[in-house]
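The values are calculated or read from the model by the stated rules, or taken from the named source; none is laboratory data. Because the structure is a prediction, the values reported are computed rather than measured. Every residue, glycine as well, gets a Cβ built from its backbone with ideal geometry; the counts of neighbours run over all protein chains shown. SASA here: full protein model, heavy atoms, side chains in, ligands and nucleic acids out. Shrake-Rupley method; radii C 1.70, N 1.55, O 1.52, S 1.80 Å.
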Amino acid sequence: MSIDIGGMRIKYKDKDETFLEKHLVAKEPFGQFKAWFEEACTKKEILEPNAMCLATATKDGYPSARFVLCKGYGKDGFKFFTNHGSRKAQEMAENPNVAATFYWEILNRSIRIEGFIERLPEEESTAYFHSRPVPSQIAACTSFQSTPIESRDVLCEREKVLEAEYMIPGKEIPKPIFWGGYIIRPTSVEFWQGQRDRLHDRIKFRKLKDGEMADNKLLHKGEDGWVYERLSP
């Protein structure tokens, strides 16, 4: 049975709330990301403003997507941590091209990131692992992510064993070798703001292609080697 939901609509921004080039706080994507992200963090309705949908693909091009938490960002890229044995990690190992999307409904804003993945240094992964709450450290050790298990009881039993061993004041939980961090090195970052009339605003930062020149009409010169352009909605 097919359910028609084509009539669903929500109100976006009014016409006086457009996102224009003059509203950019930076002529490179990271400064603009910082401004939008910090505003999202002020909205109590957004429970996890750092949640991003990470899309990966196999070497044959079969895609998959899931939400992860961004744990750091800057001009070097966007960082997150996961199990190296997970499906996403296996796909990133054979195909480093990834995409990620932030979506903040209450602000009618989305940020799309495309780029390639690199592993973070082991020292950085270890430092972040030990900054996590102890139950989270134990959970990371408990789960062999993406592998089938007979029941939840299997996880609970593993957790009990680790809690008995490590829930002792002053005792450090060793970071498992199968867990660590990644960074997305972006090649493009698009800022989307929804509009009431569906003429949504899209401003995309990207790197110049070989032989390409910014004409400051369709393609504008930015900072730090970036250019930006407005895309049709």
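Annotations for the structure displayed:
- The length gained by stretching the chain between Asn216 and Lys22 to full extension, at 0.36 nm per residue less their Cα-Cα distance, is 68.5 nm.
- Heavy-atom accessible surface of Leu231, to the nearest 10 Å², is about 50 Å², with a 1.4 Å probe and all protein chains retained.
- Relative contact order [Cα under 8 Å, 6+ residues apart], the chain, whole percent: 22
- Taken along its three principal axes, the alpha carbon spread of the chain comes to 63, 48, 39 Å, from the longest extent down to the shortest.
- Spin-label model, Lys207/Asp76: points 7 Å from Cα along the beta carbon direction are separated by 1.7 nm.
- Stretching Glu165 away from Tyr103 to a fully extended chain increases their span by 18.3 nm, per 0.36 nm per residue minus the current alpha-carbon distance.
- Structure-based [θ]222 nm, the chain - -39500 (n - 2.57) summed over DSSP H runs of at least 4, per residue, nearest 500: -7000 deg cm²/dmol
- In the chain, the sites counted are GluC sites (Glu not before Pro) in DSSP loop states with at most 16 other Cβ atoms within 10 Å, and the longest stretch holding none of them, exclusive of the sites, is 46-149.
- Here the accessible area of the chain is 53 percent carbon and sulfur, with a 1.4 angstrom probe and all protein chains present.
- Glu172/Val68 FRET efficiency (R0 30 Å; Cβ-Cβ; nearest 0.05): 0.75
- Given charges at Cβ of Lys, Arg, Asp, Glu: the chain dipole, positive-most of Gly61, Asn216, Phe178: Asn216
- Computed E for Glu124/Ser2 - FRET, C-beta separation, R0 45 angstrom, nearest 0.05: 0.40
- Under the convention that each Lys and Arg Cβ holds +1 and each Asp and Glu Cβ holds -1, the size of the dipole of the chain around its Cα centre is about 540 debye.
- The stretch 61-110 - accessible surface per residue (Å², probe 1.4 Å): 47
- Other residues within the sphere of radius under 15 Å centred on the Cβ of Asn95, judged by their own Cβ, net out at 0 (K and R +1, D and E -1).
- Label-reachable residues, the stretch 46-63, where backbone N falls under 16 Å from a point 7 Å from Gln90's Cα toward its Cβ: 56-63
- Assigned charges on the beta-carbon of Lys, Arg, Asp, Glu; the stretch 71-196 dipole about Cα centre (debye): 440
- Qualifying trypsin sites (Lys or Arg not before Pro) in the stretch 157-198, DSSP loop, other Cβ atoms within 10 Å at most 12: Lys171, Arg198
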